[in-house]
Amino acid sequence: MGHTKRKAPRRGSLQFRPHSRAKRMYPNIRNWPARPQVAPLGFSGYKAGMTHVIVIDNRPKSPTKGEELRIPVTILEVPPIKVAGFRLYGRTTYGLKALGEVWTDKLDKELAKVLLVPKKQNSKIDDLKAMLPKAESIRLLTYTQPYKLAFGKKTPDMFETPLGGNVNDQFTYASSVLGKEIKLADVFKEGEFLDVHSVTVGRGFAGVVKRFGVKTQRHKAEKGTREIASMGPITPCWVGWWIAQPGGMGCHTRTEHNKQLLKIAEVSKLNVNPSSGLMRYGLVTGEYALIAGSVPGAKKRLVRLTHPIRPSRGAVNQAPEVVYVSTASQI
């Protein structure tokens, strides 16, 4: 009589891969959703903390429609991003290739901490205009301005930001904003759903139980109670990638989909600061955004916002009325 093979669901998630430390403290975005409007496809801000708001439920099929709801929100301080230049890309058999770029003469001195600012332009706007028939897309070279905030960061973060629309409209828009500032309200509207990209909090070195959630062994286990029983067979003598092992935990690049942008406001008009300031951040001094729910990452860390890559069906892209914002001391 044969024995029944024991079966059990896997312990530990394989959803998030890789379990490796992020290369930099701001996320790299690989996929951008196409948009017909000529505007930047993303923006960035700095995580300040969390609080809660009271809103009027405006969802048409909600059983609490018209009633007050208490929603936890994340505060992102969103100073304007600045356009240092733009770059043309053309399609080749090996992917996209840069055809040319142009830089503005109005660069902030803090940008010298990030890169070697070109003193002489390699090409002019008129030269790039002649390359438009070969171009497939145009991307802005944008950088943040954290020195306008109160928490002490001086070094800006610089990255490429794609544009929506066709190439000719992109070129016209990029030429008009060269050397100028772009605000969050120029990219997103209140009530829209966004994808949030950030680098999570680092947890340091961790074992397999904490890192992967594997089951602990019996108290008389030979190799220890918080160890895995076997790492694989003797032949072939190699360890698979799916085997849980101890290592660095946290500090991963992660994306959370479909977070609603509830409010864009100035501190002078709608205060969000407790009397003592936000813990481990300080005071929010300029423009900020309220994102429904939590956002991955530590405080003072850069968070990038993009249009949703897989938007929810039937989502109400209209901001609910915010009737109260808590300014009590937050943890």
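The values are calculated or read from the model by the stated rules, or taken from the named source; none is laboratory data. Owing to the predicted nature of the structure, the values given are computational and were not obtained by experimental measurement. For neighbour counting, all protein chains shown are included, and Cβ atoms are generated from backbone atoms with ideal geometry for every residue, glycine included.
Structural remarks
- Flag if residue 169 is of a type outside the set (S, T, N, Q), not assigned by TED's automatic domain parsing to the domain that holds residue 104 and not in a loop (DSSP other than H, G, I, E, B): no
- Positions within segment 125-166 being assigned to a loop (DSSP other than H, G, I, E, B) and touching a helix residue (DSSP H, G or I) at 6+ places or on another chain (Cβ under 6 Å), in sequence order: 135, 153, 154, 155, 156
- Cross-chain or 6+ apart pairs with Cβ under 6 Å, segment 1-27 first and at pLDDT below 75, then part of a loop (DSSP other than H, G, I, E, B): 11/214; 11/215; 12/213; 12/214; 12/244
- Residue count for segment 162-185 satisfying the condition of being over 27 Å from residue 90 (Cα atoms) and surrounded by fewer than 18 Cβ atoms within 10 Å (Cβ to Cβ): 2.
- Among the conditions (1) among the polar types (S, T, N, Q); (2) out of contact with any Gly (no Cβ under 8 Å at 6 or more places or on another chain); (3) in a loop (DSSP other than H, G, I, E, B), residue 255 misses just one, which is (3).
- Answer residue from segment 65-87, given it is within 23 Å of residue 183 (Cα to Cα) and of a type in the set (A, V, I, L, M) and is surrounded by the fewest Cβ atoms within 10 Å (Cβ to Cβ) among those: 83
- Leading residue by the ranking (nearest to residue 149 (Cα to Cα)) among those in segment 242-291 that are loosely packed, with under 15 Cβ neighbours inside 10 Å and touching a strand residue (DSSP E or B) at 6+ places or on another chain (Cβ under 6 Å): 266
- Checked against the criterion of being over 30 Å from residue 321 (Cβ atoms), among the β-branched types (Val, Ile, Thr) and not in a strand (DSSP E or B), the candidates 209, 272 yield just one match: 209.
- For segment 288-298, the criterion of being of a type in the set (Gly, Ala, Ser), at pLDDT 95 or above and in a strand (DSSP E or B) is satisfied by at least one residue.
- Matching residues in segment 258-269 - criterion: being more than 20 Å from residue 296 (Cβ to Cβ), hydrophobic (A, V, I, L, M, F, W, C) and not in a loop (DSSP other than H, G, I, E, B): 264, 265
- Scanning segment 198-214 turns up at least one residue that is hydrophobic (A, V, I, L, M, F, W, C), over 30 Å from residue 102 (Cβ atoms) and exposed (fewer than 13 other Cβ atoms within 10 Å of the Cβ).
- Flag if residue 322 is assigned by TED's automatic domain parsing to the domain that holds residue 74, in a loop (DSSP other than H, G, I, E, B) and either closer than 11 Å to residue 76 by Cα or aliphatic (A, V, I, L, M) (or both): no
- Subset of segment 245-264 (residues that are closer than 29 Å to residue 31 by Cα and either more than 20 Å from the chain's Cα centre (by Cα) or among the small types (Gly, Ala, Ser) (or both)): 247, 248, 250
- Residues in segment 62-93 that are in a loop (DSSP other than H, G, I, E, B) and under 28 Å from the mean Cα position of the chain (by Cα) were compared, and the one that is nearest to residue 194 (Cα to Cα) is 78.
- Scan of segment 48-61 for residues that are farther than 16 Å from residue 274 by Cα and either in a strand (DSSP E or B) or outside the structural domain of residue 291 (by TED's automatic domain parsing) (or both), ordered by number: 54, 55, 56
- Cross-chain or 6+ apart pairs with Cβ under 8 Å, segment 154-177 first and over 17 Å from residue 116 (Cα atoms), then hydroxyl-bearing (Ser, Thr, Tyr) and outside any strand (DSSP E or B): 163/173; 165/173
- All of 149, 132, 41 fail the test of being over 22 Å from residue 302 (Cβ atoms), outside the structural domain of residue 196 (by TED's automatic domain parsing) and not small (Gly, Ala, Ser), apart from 132.
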